[in-house]
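The values are calculated or read from the model by the stated rules, or taken from the named source; none is laboratory data. Note that this is a predicted model, so its numbers are computed, not measured. Note: areas computed on protein heavy atoms with side chains; ligands, DNA, RNA excluded. Shrake-Rupley method; radii C 1.70, N 1.55, O 1.52, S 1.80 Å.
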Amino acid sequence: MQNSRIKQQRGNRARWGARLMSMAPGMLALSFASTMQAAEAPAIAPIAVVTASQPGSAGGNGIGNGIGNGIGNGIGNGIGNSDGVGNPPALVEIAAILSGQFRIAHAESTAIAHAVLDAANRFAMSPVLLLGIIATESGFNRRAVSSAGAKGLMQVLPSAHPQLVSGGKDLSDPLVNVTIGSSILRGYLDAAGGDVNSALSRYSGGGKGYARRVALQMQQFSARLHAQPDAFVKVALVEPR
């Protein structure tokens, strides 16, 4: 009985051995084919991860290539420090004054300071003069509208200057308003041979004591900005018109 079991097990082993031998060529062929396919397959390049570069500072706002140096009797020469993002010291100081004294939000005060410095450079006039006019005209309220219809920071009157305000210009925008107002003032200064009193009188429509009020504002700004007072201020305060 035991011998018959041993013979049966040996027979089973022999049959399995024969089957494996018959399958070996196919398995070898399959392995070889798989190896060849892997070798012929194109290499997959790693996916490059592209990261957006961080926007760098634009080197400041490009305001008049360093405006503030020498304009307005020394305004901007060594006044304070830059704000770390490239804004000129004069812009930072003016914006700080507007925020503190006139309770204007930082972003808006910076926009106004930018507009003032840009116009001062463009029309060759003191930024302190422009600040004095704006303080007198609107108190730095860019949305101010007078009973006569004058608008914005420098109270530009559209009916008196239709060509300058054509095209739907937004006079509540600091840059637009200060640029137009400064252009008007520049014309009056040129016509008056540089006489600030006469130019201001014309700008205000002949308002009594207007030049003196502007001069007082200029005096305060000059003190806050550590700038030398304009010669006009001294004359206007002594001999108001």
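Some observations on this one:
- Taking amide H as placed 1.01 Å from N in the peptide plane, the amide H of Val156 sits under 5 Å from that of Lys151, each at least 5 places away or on another chain.
- Of the solvent-accessible surface of segment 89-170, computed with a 1.4 Å probe and all protein chains present, 51% belongs to carbon and sulfur.
- Heavy-atom accessible area for Arg143, with the other protein chains in place and a 1.4 Å probe, reaches approximately 150 Å².
- Segment 172-241, accessible surface, carbon-and-sulfur percent (1.4 angstrom probe): 51
- Largest first, the residues Ser198, Ser109 sort by 1.4 Å accessible area into Ser198, Ser109.
- Segment 86-241 - accessible surface per residue (Å², probe 1.4 Å): 45
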